[in-house]
Amino acid sequence: MKMVDFLIGIPETPFRNMYEVVIQFAAILAVVLLYWKKFFDFKNINFYVKLLIAVIPALVFGAILKKHIDAALSNLMFIAIVMIVGGIILLFVDKLFTKNKIQNEQQIDITTAFKIGCFQVLSIIFPGLSRSAATIVGGMSIGLTRKAAAEFSFFLAVPTMFAASAKSMLDVFQEGEYAFVSADLVTLLVGCVISFIVAFLAVKFFIEILQKFGFKFFGFYRIILGSIILILLLIHK
């Protein structure tokens, strides 16, 4: 989102910062709809326990590293470089993990869920490293198939983005730097609806692409986008 702001020149405000987080949570709610049987199967308490355990590392390190995160998020050069390096890694991921046997969420135990949650922390430490990429590749490194790792990554995004959205909104209200007006609420609502619809269509597409072609497609995308941002930053120096 910081890169989009840079490209189209949106000024930074408390509302904009909150907007960026909240529309991402709206996008994640598309996952809840797509996998509603999983999220609303209240007999399967173990599923909720695994998500709770997995989200703990991000919550802890997010609080501890807040100053680092804020500084890193404002450093677009750093983000662009991380995108390029992450993209290069994705080009080789498919050849590294070819014998994985964990094929669904039911086969993921508490310890494995926690380990995946630890991989999620990498996206906090290194802004520009996709949260989903960190958790999917992390999951595959400990035995999950591509599909199982991608689905659990989406599941884990729900509590993670809920916590981030709640914290962002709380910060805006506590700091008292911004007074909401009706136009802002409409903007937020429209943004959330659009984000939800796009994400709903994109999640299934992402899973299908991942299963058919692996990570190379996304690796090239990150390298190209990161390189464009890097070139633009150097030009504007």
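The values are calculated or read from the model by the stated rules, or taken from the named source; none is laboratory data. The structure displayed is predicted, hence computed values, not measured ones. Ideal geometry is used to build each Cβ from the backbone, glycine not excepted, and the neighbour counts take in all protein chains shown.
Filter segment 68-115 for residues that are of a type in the set (Asp, Glu) and within 25 Å of Lys50 (Cα to Cα) and give the result.
Glu105, Asp109
Being aliphatic (A, V, I, L, M) and out of contact with any Gly (no Cβ under 8 Å at 6 or more places or on another chain) is the filter here; which residues of segment 190-223 pass it?
Passing the criteria: Val190, Val193, Ile194, Ile197, Val198, Ala199, Leu201, Ala202, Val203, Ile207, Ile209, Leu210.
When you look at Thr135, is it hydroxyl-bearing (Ser, Thr, Tyr) and farther than 22 Å from Gly226 by Cβ, yes or no?
No; evaluated as a whole, the condition is false for this residue.
Of all residues in segment 32-48, which are over 25 Å from Ala199 (Cα atoms) and assigned to a helix (DSSP H, G or I)?
Ile45, Asn46 - these are the residues of segment 32-48 that are over 25 Å from Ala199 (Cα atoms) and assigned to a helix (DSSP H, G or I).
Do we find that Thr135 is more than 18 Å from Val55 (Cβ to Cβ) and at pLDDT 90 or above in this structure? Break it down into steps so the answer makes sense when it comes.
Working: more than 18 Å from Val55 (Cβ to Cβ): no; at pLDDT 90 or above: yes.
Considered against the rule, which asks whether it is more than 18 Å from Val55 (Cβ to Cβ) and at pLDDT 90 or above, Thr135 comes out as no.
Run Ser168 past the list (1) in contact with an Asp or Glu (Cβ under 9 Å, 6 or more places away or on another chain); (2) of a type outside the set (A, V, I, L, M); (3) surrounded by fewer than 18 Cβ atoms within 10 Å (Cβ to Cβ) and report the number of the one that doesn't hold.
(3)
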